[in-house]
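Quick notes on the structure that follows.
Any read-out appearing in this document is the output of simple, stated calculations on the displayed coordinates, not a laboratory observation. The structure displayed is predicted, hence computed values, not measured ones. As a convention, Cβ positions derive from the backbone with ideal geometry for all residues, glycine included, and neighbour counts pool all protein chains shown.
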Amino acid sequence: MTPPIDRREFGRALGLTALTATVPTFLHKTGLALAGDPRRQIEPIPGLRDNRVLVIIQLAGGNDGLNTLVPHGDDAYYRARPRISVPAERVLRINERVGLHPEMVEMHRLFDEGKLAIITNVGYPNPNRSHFRSMDIWESASPANRNWPTGWIGRYFDHECDGVQSPMLGVRIGEQAARTFASERVRSTTFVTPAMLEDRASGAAARGLNQLAQVETTGIDALDFIQRTNNQTRELAQRIRQAVQNVRPAVEYPPFALCQSLRLIGQMITAGVPTRVYYVTHGGFDTHSAQNNRHPALLQELSQALGLFYRDLREQGQLDRVLTMTFSEFGRRIDENQQQGTDHGTANVMFVMGGQVRGGLIGDPPNLTNRDDQGDLIFRTDFRAVYAGVLRDWLGADPQRILQERFEPVQVIRPRA
């Protein structure tokens, strides 16, 4: 039993609530593996070489990496942030130079156990400080001066999963589709709960459409397609609900949005739902003012959610087939502002968690005195090099083919035996 969550902003998140769902277009041959013991060995999705799963967590708004992985051994950090810095005596130390925020207890434990990799100084050349444009860059993996219509995972689906029939290779738990999944063929779906897919298919518009079909034969291909899609969506939603109803989580998740999203993902993974990549957002990181009133609670929820998700997967026998990765569109400025917050910056920290992770600190602590021409951190690791490591070593794909440029892969996965 998990102790009650300690949160300063209990009302900020109300679990899994939703308004919309994105209807998938290819819903035949789902191949859901719902029968039998949930702890059984999950068979690979037909057309893929293994049964590995990637879970992507977006820290929306631009997480402050310097108050996440705290450079407690650097006096320049405390000079730059006299009011919002994390006191050195409270930091969960990794070494004499850096440590995790004191609210990140579970992630610190995972780091000590070798199940968490922390990658420092992650960014890209010519950084953009716009939320929307920088998110486009991270989700498409494009150069900063190019606009690509597809996402990096979408291209992975197109290039490496062409023979896979499942319409659920990518699942976004949320209210809006993830550009990360944008591809030539639609291979992903978006929903907050399985009931939302069913509600969408069973709503008033769908009922009216079915009634129209009973009155006349239209011969309109678009109408026939919509009818068929609604029926298939309803069937898909029912089968997902059956899957998660048959899987009881091994831990108790608190009623906060990220925790409940990972709870649902854990159920779908254990049930053998044929999804290769899951995507979920943890928002609220745009801390321009009163940062210490919000940021610690956000990090606490992230840490507790990841700690519970790890334990759940381990108890269900699924840990070694799941890799979880965080990213944020940019970091924050080195110097605090007049509102006791931080403004949009550049380089940041990424986390990668899992049973097969090569745990540890990857990269050097941030250099707070050698700044770029705008006074920001200079990145040392291109985020696409992290993607390249995930693509090559976890998903078994050719990174250069998908990223359209060669990046030396960051090795976050332990070599296969």
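Inter-part distance, region 317-345 to region 356-392, computed on C-alpha centroids, equals 12 Å. If you take the alpha carbon atoms of region 66-160 and fit the smallest convex hull around them, that volume is 149 Å³ per residue. When each of Phe191, Phe327 is scored by the number of other beta-carbon atoms lying within 10 Å, the sequence from fewest to most is Phe327, Phe191.
What FRET efficiency comes out for the pair Gln374/Ala290, r = Cβ-Cβ distance, R0 = 25 Å, nearest 0.05? It comes to 0.55.
What's the long-distance tail for region 104-152, i.e. % of Cα pairs beyond 16 Å? Intermediate results must be reported in sequence, preceding the final value.
Working: 627 of 1176 pairs.
That fraction is 53 percent.
Taking a cut-off of 18 Å, what percent of all Cα-Cα pairs in region 296-390 are separated by more than that? Summing the P(r) of region 296-390 above 18 Å gives 58 percent of all pairs.
With the highest mean first, a sort of the peptides 400-413, 94-107 on other beta-carbon atoms found within 10 angstrom per residue produces 94-107, 400-413.
Need the C-alpha centroid separation for region 249-308 versus region 72-137, integer Å. With region 249-308 and region 72-137 each reduced to a Cα centre, they are spaced 19 Å.
Label point of Gln338 set 7 angstrom out along Cα-Cβ; within region 269-298, amide nitrogens under 15 Å from it belong to 289-290.
Full extension of the segment from Gln404 to Glu184, taken as 0.36 nm per residue of separation minus the current Cα-Cα distance, would add 77.6 nm.
Here the Karplus curve 6.51 cos²θ - 1.76 cosθ + 1.60, taken at θ = phi - 60°, turns the phi angles of region 143-155 into couplings of x, 5, 9, 10, 10, 9, x, 10, x, 5, 6, x, 5 Hz, with x standing for Gly and Pro.
Would you mind ranking Ser130, Ser188 so that the residue whose beta carbon has the fewest other beta carbons within 10 Å leads the list?
Ser130, Ser188
Ordered by the count of other Cβ atoms within 10 Å of each Cβ, fewest first, Tyr156, Tyr310, Tyr78 give Tyr78, Tyr310, Tyr156. Both radii are taken from the alpha-carbon atoms of region 335-417; with Rh as the Kirkwood radius, Rg/Rh is 1.07. Within the shell of other residues whose beta carbon sits under 9 angstrom from the beta carbon of Asp398, the net charge comes to +1, with Lys and Arg scored +1 and Asp and Glu -1.
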